[in-house]
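Presented below is the structure to which this report refers.
The values are calculated or read from the model by the stated rules, or taken from the named source; none is laboratory data. Note that the structure is a prediction, hence the values are computed from the model and not measured. Glycine gets a Cβ as well: all are built from the backbone with ideal geometry, and neighbour counts include every protein chain shown.
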Amino acid sequence: MNLEVVNSGQLLDIASESLLIKELSTQLEKDFSLANISLKLPLKFDAQTFVSMIREKVYHLMMEHFAEYLNLLYIVDVPEREFQYIEVTDAVEVADQVTFLILKREYQKVWYRNKYK
């Protein structure tokens, strides 16, 4: 699987086209709950709202619950080498880039599960 996307919007477009958006949403909610973090994504899909909710949750965790933030990244299994490419400008930008990494990894899980089931 070779994903050539640079932002969350492109990734969600690909997920929608491949009809995996519901599975992606379910996987996100599952991994967040495994990290003991509540996340309720809307039933009606809207890419902007979808990304915004996750970004806000990531930002909140980064600022106020850093241990839970690290636990979430561990559970989602975001590759550590990806963090070296994050440009540190401010906390909001970092939260946006981390949200993209989380979505990218969760999409990979869903894609592989769907391909090899």
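Things worth noting here:
- Filter pass, residue 51 being part of a helix (DSSP H, G or I), surrounded by 13 or more Cβ atoms within 10 Å (Cβ to Cβ) and either modelled with pLDDT under 95 or in contact with a strand residue (DSSP E or B) (Cβ under 9 Å, 6 or more places away or on another chain) (or both): yes
- The residues in the range 58-92 that are touching a Leu at 6+ places or on another chain (Cβ under 6 Å) and either exposed (fewer than 14 other Cβ atoms within 10 Å of the Cβ) or touching a residue at least 24 places away in the same chain (Cβ under 8 Å) (or both) can be counted, and the count is 3.
- Among the residues making up the range 11-45, those that are outside any helix (DSSP H, G or I) and of a type outside the set (D, E, K, R) are 18, 19, 20, 35, 36, 37, 38, 39, 41, 42, 43, 45.
- Count of residues meeting criterion [surrounded by 13 or more Cβ atoms within 10 Å (Cβ to Cβ) and touching a residue at least 12 places away in the same chain (Cβ under 8 Å)] in the range 93-117: 17
- Among (1) of a type in the set (Ser, Thr, Tyr); (2) within 21 Å of residue 41 (Cβ to Cβ); (3) over 12 Å from the mean Cα position of the chain (by Cα), the one test that residue 107 misses: (3)
- Those residues of the range 59-104 which are of a type outside the set (Ser, Thr, Tyr), outside any helix (DSSP H, G or I) and over 16 Å from the mean Cα position of the chain (by Cα), in sequence order: 65, 87, 88, 90
- For residue 31, the requirement of being modelled with pLDDT of 95 or more and at positive phi is not met.
- For the range 3-10, the criterion of a residue being among the polar types (S, T, N, Q), out of contact with any helix residue (DSSP H, G or I) (no Cβ under 8 Å at 6 or more places or on another chain), assigned to a helix (DSSP H, G or I) and at pLDDT 95 or above is satisfied by no position.
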